[in-house]
Every structure is written in structure tokens, then in C-alpha cells.
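Below: the structure, in C-alpha cells.
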Amino acid sequence: MGVAVAGRRAADHVVGDFIRDGLHVFPQPLDAAAAGALLAAIRATRAFDGRLFLTEAAFDADPQYTCVNPRPGRNLLDRFENLLGFVEQAPPVRAGLTSVLGEGYQTLGRKVVCGVPAGAVPAWLKARIAGNPVNNLGAYVKPEYRDVTYFYGIDFHQDLIDFKDRDADFVTLYVYLHPVTLSDAPLYVLEGSHALGAVMFPHDLRPDGPGFWRYRDGRGREARVRQRVLTGEAGAVAMWHACTLHGTQPDAADHERISLRYLFAKGAAARAGIDRVNDQLGGPIRLETTRTDLDGRGAARIKANSVNRARQPAG
Ligand SMILES: O=C(O)CCC(=O)C(=O)O
Ligand SMILES: [Fe+2]
């Protein structure tokens with residue numbers, strides 16, 4: 001088989017995974033040594049412990065719920081441009097992205113995501129956020145550390161949640177920088193959940209037998225979807241559709257989980273694999289309103305969570 005034919009078959013395989021599962025897990029991890037070098041550089045910038053956080057009094061003096069994530073000019077990854085080639089230039093990553101998004105795909109964003117371990121979250125904060133569906137801790141982190149996104153678990157969501165009035169023409173690429181076991185807040189991905197299209201958060205999900213969920217879109221359609229837990233080695237890499245449900249439980253380990261999260265969008269290509277995927281969705285590919293869990297300030301106003309009820313697989 002020639003190189004071009006092999007490349008085309010691999011590309012079809014990636015798009016096929018997206019059509020069926022809304023998820024592609026790359027068969028080989030990226031360069032683990034390079035992942036380790038980046039991880040060391042990230043860890044050298046701060047202690048991922050209680051010192052990340054404001055005091056309760058400082059928080060309450062002026063609560064800020066928005067603009068607490070990395071943004072241009074405040075993004076830790078931009079300091080490590082020279083350490084990112086093992087992801088951004090990796091031939092399997094480039095080929096996979098090209099098959100889904102076409103030539104000239106664009107980087108919509110990239111950042112470090114930290115799963116904060118239970119022991120690092122101050123007691124006052126744990127009490128306040130218990131049961132919230134989205135525990136992005138940016139609001140409670142000292143401003144100088146908001147160049148990383150910090151989670152203490154996030155319920156099943158579509159990454160389209162951050163993009164009202166935009167088509168699901170992008171994918172998330174997620175890279176583990178160290179081994180991630182069941183106790184390191186691995187991602188839980190619901191295979192095939194993208195097939196109902198864009199649906200508002202929070203989602204109607206009920207356990208439906210071991211490792212399965214019944215997912216309803218509120219428009220009369222439903223699907224039985226399989227829960228896949230993405231444990232993996234350093235350099236493990238996966239990508240999913242903007243409508244694929246995924247989430248994490250709070251990090252139960254005594255150390256942080258550090259990963260990279262990229263968003264890539266279709267570029268100049270007139271038609272790409274993502275269009276074939278989206279043609280087959282049984283629902284819209286865009287929403288005017290993507291979430292109903294926040295109040296006017298951006299604070300949680302709903303206490304409910306599905307992913308925390310997920311049973312961990314044995315092992
Ligand atoms: O890393 C996590 O815990 C969840 C990340 C995620 O789903 C996101 O940032 O959209
Ligand atoms: Fe996400």
C-alpha cells in the first residue's frame with residue numbers, strides 16, 4: 001500500500017470514528033519525553049496547592065465570575081511555544097485534524113487545564129461549590145494564576161457550551177501530560193452523544209445499565225450512549241466533536257492532573273470531514289443559548305450533577 005493510500009485510509013478512519021462515536025482516540029501516545037519536559041516547565045511556575053486560591057474574605061469583597069480563564073496576553077502556554085511541537089507538529093495529529101477539518105484548519109484556542117486535587121481546595125470553597133455542575137475554579141484563584149483553567153470536576157457538557165451562535169465546526173484535542181488513572185480525574189466521554197446535535201446544558205442523563213446512559217435532548221429524541229473513561233499514558237491524545245458529551249469527576253488523587261486542551265476549527269476548506277459528520281446529526285449544529293445554569297453574574301444557580309453519579313469501571 002502506498003503512503004498516500006495509507007494516509008487516506010487513516011483519514012477515513014478518523015472521520016468514521018467521528019460519525020459513529022463523536023470521538024477519536026489516537027492509537028499511539030505523543031512523545032512522552034516531550035510531554036514530560038512541558039509538564040516540568042508548567043510545574044515550575046507555581047505550586048498546584050492551596051496557595052492558588054484567594055481567601056474567602058478577598059473573594060467576597062469583589063466576586064468576579066467572568067474573565068477568569070486564560071485569554072490572549074494571559075495564557076501560560078504562550079510562554080512555552082518552543083515546547084509544543086510534539087503536539088502541534090505531530091504527523092498523526094496534523095493528519096487527523098486535516099481529515100476532519102480540511103487543509104488550513106485553524107487554532108481557536110489552546111490552554112493548560114488543571115484538575116485540582118481535593119486536598120488543594122480550601123474547605124470554605126469546597127462547601128460553597130458542592131454539587132455545582134461546573135466547578136471551574138477560576139473565580140476563586142488569585143488573578144496572577146488565571147493563565148491556566150482549574151477544574152474541580154465538570155458535569156457532562158458539549159464544548160459548544162462556550163460558543164453561542166456558532167456552528168459546531170470545531171473539535172477539541174486533549175493531551176495528557178502524565179499517566180492518568182481512574183483516580184486522576186480522567187475524562188468520561190459519552191460515545192455517540194453528538195448524534196443528537198447541539199443541546200442546552202445541563203443535560204438530561206440517567207444511568208441505563210453499567211457503563212451506559214439514557215440521554216434525552218428535550219426535543220423528543222433520545223439515545224442510549226456508552227460511557228468511555230479515558231485513562232491513558234503520558235502523551236495520550238484524543239479529540240471529540242463539539243457536541244460530544246464529556247465531563248470529569250473531582251480529582252481524588254493527592255496530586256493535580258495537568259493536560260492540554262486545544263480547539264481547532266475548520267479553515268478555508270469549502271467542505272471537510274466535519275461537514276459529513278454534521279450532515280448526519282439528528283439535531284441542530286448551533287444554539288442561541290447554550291446553558292441555563294448561570295445567573296446574571298455568571299454564578300451557579302443550579303445544583304445538580306450527573307458525572308459524579310457515574311460508577312467508575314472496575315480496575
Ligand atoms: O479537564 C477537565 O477536567 C475537563 C476539561 C473540559 O472538558 C473542558 O475544558 O472543556
Ligand atoms: Fe469540555
Mind giving me the nanometre distance, one decimal, between the label points for E288 and D165, set 7 Å out from Cα along Cα→Cβ? 1.1 nm
Its Cα gyration tensor gives region 200-315 an equivalent ellipsoid whose semi-axes in whole Å, largest first, are 25, 21, 18
Round to a whole angstrom and tell me the spacing of the C-alpha centers of region 161-182 and region 275-314. 13 Å
Where the only charges are on Cβ atoms (+1 Lys, Arg; -1 Asp, Glu), what is the dipole of the chain about its Cα centre, to the nearest 20 debye? 360 debye
Compute for region 41-90: radius of gyration divided by Kirkwood radius, i.e. Rg/Rh, restricted to C-alpha atoms, rounded to two decimals. 1.10
What is the diffusion coefficient of region 74-135 in µm²/s, taking the Kirkwood radius over Cα pairs and the Stokes-Einstein relation at 4 °C with a viscosity of 1.567 mPa s? 86 µm²/s
I want to verify a result. In a Gaussian network model of the chain, Cα cutoff 10 Å, which of these has the top mean-square fluctuation: A127, A195, A35? A127
Just to be sure I understand the model, the point goes 7 Å from the Cα along the line to the Cβ. What's the resulting R271 to E103 distance in nm? 1.7 nm
Net lengthening on full extension, Q312/R216 (0.36 nm per residue, minus Cα-Cα): 32.3 nm
Roughly speaking, what is the stretch gain from E144 to R74, that is 0.36 nm per residue apart minus the C-alpha to C-alpha distance, in nm to one decimal? 24.3 nm
Relative counts (whole %) of C-alpha pair distances in region 100-196, using bins that are 5 Å wide: 2, 9, 17, 22, 21, 16, 8, 4, 1, 0
Please list, short to long, the whole-number percent of alpha-carbon pairs of region 154-240 in consecutive 10 angstrom bins beginning at zero. 15, 44, 33, 8, 0
Give me the percent of the accessible area of region 48-169 that comes from carbon and sulfur atoms, probe 1.4 Å, all protein chains in place. 52 percent
What is region 196-312's relative contact order, in percent, from Cα pairs under 8 angstrom and six or more apart in sequence? 36 percent
Calculated FRET efficiency for the pair L182/Q28, C-beta based, R₀ 35 Å, to 0.05: 0.95
Length released on extending from R301 to E81, taking residue separation times 0.36 nm less the Cα-Cα span: 75.4 nm
Rule-of-thumb check for region 116-265: C-alpha Rg over 2.2 N^0.38 Å? 1.06
Over the chain, the sum of -39500 (n - 2.57) across DSSP H runs of at least four, divided by residue number and rounded to 500 deg cm²/dmol, gives at 222 nm -6000 deg cm²/dmol
Checked region 1-120 with the C-alpha gyration tensor, a ≥ b ≥ c its square-rooted eigenvalues, rounded below a/c of 1.5, otherwise prolate if a/b is larger than b/c and oblate if not; verdict prolate
Whole-number accessible area per residue in Å² for region 81-222, which is evaluated in the context of all protein chains at 1.4 Å: 36 Å²
Between D60 and R128, what is the label-point separation in nm under the 7 Å Cα-to-beta-carbon projection? 0.9 nm
Solvent-accessible area per residue, Å², over region 5-74 with all protein chains present [probe radius 1.4 Å]: 54 Å²
List the extent of the Cα atoms of region 210-256 along each of their three principal axes, largest first, rounded to whole Å. 42, 22, 18
How large is log10 I(q)/I(0) at q = 0.10 Å⁻¹ when the Debye formula is applied to the Cα atoms of the chain, each weighted equally and without solvent? -0.55
Computed accessible area, V225, all protein chains, 1.4 angstrom probe, square angstrom: 0 Å²
Let me know the number of lysine pairs in the chain closer than 18 Å at the Cα, not counting same-chain pairs under 8 apart. 4
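The values are calculated or read from the model by the stated rules, or taken from the named source; none is laboratory data. Model, not experiment: these values are computed from the prediction. We place every Cβ from the backbone using ideal geometry, glycine too, and count neighbours over all the protein chains shown. We work out accessible area using only protein heavy atoms, side chains counted, and drop any ligands, DNA or RNA first. Shrake-Rupley method; radii C 1.70, N 1.55, O 1.52, S 1.80 Å.
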